[in-house]
Structure formats: structure tokens, C-alpha cells
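Let me begin by presenting the structure, written as C-alpha cells, before commenting on it.
The values are calculated or read from the model by the stated rules, or taken from the named source; none is laboratory data. If you're wondering where the values come from, they're calculated on a predicted model, not measured in any experiment. Quick reminder, even Gly has a Cβ in these numbers, built from the backbone with ideal geometry, and neighbours come from all protein chains shown. With ligands, DNA and RNA removed, areas are computed over all heavy atoms of the protein, side chains included. Shrake-Rupley method; radii C 1.70, N 1.55, O 1.52, S 1.80 Å.
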Amino acid sequence: MTEAAAPAAVPASSSVGAELARMREERGLALPDVAQQLKFAPRQLEALEQERFDLLPGGTFVRGMVRAYSRLLKIDAEPLLGQLADRFNAPGSDSLAARYKQPVPFSDGARKSTFVYLGASLGVLMAAGAIAYQWYREHNAPRSAEVAAASKVVPAERPVPVPVEPVAVVKAPEKVVAVKEKEKEKAAPAPQEKLMKEAAITAKPVPSGVHRIVMRCEEEAWLEVKDAAGRQLLSSLNPPGCERVVQGRGPFEVVIGNASHVRVLHNDREVDLRPHSKQDIARFTIP
């Protein structure tokens, strides 16, 4: 087992900066390399080696630099720190710190002016507060009077009950009512027959070879129609009660959403969508 090598001794006669520079040169280190490893600026290390301590922040900072520099060069930092202690503990070295520790003198005139300024500020604030309070009272007095007047609600007079003469209710015989309802059902045409009649009335004469498709939506439904060339003739979401008419030459590709609530007429003939529907979506071609 070999003992660890002790840090190199520092000659007592040499100065701190000169000794650090000499040890750095013996180890073949350039100043920028040391600055990069120690994370100091090259100008700070240069000031340390030249012992221009006035360019550095202070004694504590210089001691930290010496410790880090000695650790990098693997030398004993205590002798160097001892020399720095003699340097920074010399009379007059802490004159700047002592100067900042002295209390700042204030003259009697400055104190009096400060009190006068504070008194004037308080007087201005009190005057502004009084003016604001007076303005508030003047502008809110009419409103408070209106609220007080409105709060006095005059009790409404009770309505006098008006005698109502009894009205005789004549109940029609149930048989007569049933007969009238049956007559109304016979007189009113079925919804499907009514729609077919309307389609026959509104239908216009169609030229030969031209198809006419009428689509009526009982509820909201999606209608999409493409012609033989793939052009989109119709593609929209339609509200309940809407009727869309497409006319042209086939074949047509038709897609209908919510197909159970849509009626389709092709040349005035109703098209059964059930064989073409899957999950209430009908897809079919009209030739």
C-alpha cells in the first residue's frame, strides 16, 4: 500500500499570484484552460496572478478563487490564504465597508421639511375625502327619496265577485258522437293517398328519357344524389316537412339517412326503400 501524495509545498517568500502562475506553467496549463475548468473569466485569473485585487469583487471572492486554483494545481492552499489574510487585514483595507456602515446624518431642516410634507399630504387627502362624501350625498339623495316613496305600496282593492249564472251543459249521446267521428274519418283521405294526390297535382310533364325524383322528409334526414358523371346534384341535411326534387337523365346513385322517415317518388311512382336499407340508411341506384 502506497500513501497518497501530499500537496506540493509553497515557498513562503513567493507572492500568491506569482506562485499560482509558476505552478500553472510547470503543469503546462494555459490561462484559458484554467478559466474553463474553474468557471472563472480569464481576466479574473489574470488579475489574481498579477495581484491586482482591486479588479476583483472582494477578499471573500479572492479567497475562494485561491482555494479553487490550488485544488486544481494540487498544492496546499493554506500558506497562500495566510498571505492573503495579512494582505486583506491590513489597516485601510476595510475602509470602504466601514464607510458604508456609518449612519447617514440628517439635518434638522430636512426633518422639518419631511414633517411639513407629510402634514400637507394628510390635509389634501382629508379634503378630497370630504368633497367625495358631499358629492355622493348630493347625487344619491333623490334616489333614496324615490326608493322610500316606492316602498309605500298602496294596498290594492279586492275584486268584487260577480255572480255567474249557471250554464246548462248538454251532453250529446255517445252513439251520435261515434257516428260523427266515423263520418269524419271517411271524409278525411288517408295521409298516403293525400300525398300521392299532391304529387300528381304538382308533377309536371317529364320529357322522354328524363327522370324525376321527389323526396319528402317526415323527419330530419340526409339526402344525397349523384348523376352518371359522378356530379353531386344534392347533398344536404333536410328539416322535417322538406321536399326535394331532382330531375335529369339517369342513372342516379341515391343515399338517404333516416330512410324510414323519407318517401321517394320516381316518375310519380313510390320507391320501396326497405330492400335497400341497412341501419336506417338506404343506398340504391335509379337506372
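General remarks:
- Figure legend. Inter-residue proximity from the stretch 253-279: first residues over 21 Å from residue 232 (Cα atoms), second residues open to solvent by 40 Å² or more (accessible area, probe 1.4 Å), beta-carbon distance below 6 Å, spacing 6+ or different chains. Indicated pairs: 260/280; 261/218; 261/219.
- Pair list, Cβ under 6 Å, 6 or more apart: the stretch 219-243 residue free of Cβ contacts under 8 Å to residues at least 60 places away in the same chain and in a strand (DSSP E or B), other residue among the small types (Gly, Ala, Ser) and surrounded by fewer than 14 Cβ atoms within 10 Å (Cβ to Cβ): 224/235
- Options 82, 64: the member that is under 57 Å from the mean Cα position of the chain (by Cα) and modelled with pLDDT of 85 or more: 64
- Residues of the stretch 28-76 that are free of Cβ contacts under 8 Å to residues at least 60 places away in the same chain, of a type in the set (A, V, I, L, M) and under 13 Å from residue 16 (Cα atoms): 45, 47, 48, 62, 65, 66.
- Those residues of the stretch 245-270 which are out of contact with any Lys or Arg (no Cβ under 6 Å at 6 or more places or on another chain), crowded, with 16+ Cβ neighbours inside 10 Å and β-branched (Val, Ile, Thr), in sequence order: 246, 254, 256, 262, 264
- Members of the stretch 261-287 found to be within 17 Å of residue 221 (Cβ to Cβ) and of a type in the set (Asp, Glu), listed by number: 270, 272, 280
- Across the stretch 208-218, the qualifying residues are those that are open to solvent by 30 Å² or more (accessible area, probe 1.4 Å) and not in a strand (DSSP E or B), and the one among them that is modelled with the highest pLDDT is 218.
- Counted residues, the stretch 225-242 - those being surrounded by 15 or more Cβ atoms within 10 Å (Cβ to Cβ) and over 39 Å from the mean Cα position of the chain (by Cα): 6
- Checking each residue in the stretch 227-260 for being of a type in the set (Ser, Thr, Tyr) and over 10 Å from residue 217 (Cα atoms) picks out 235, 236.
- Restricting attention to the stretch 19-51, the residues that are more than 58 Å from the chain's Cα centre (by Cα), more than 20 Å from residue 81 (Cβ to Cβ) and not acidic (Asp, Glu) add up to 2.
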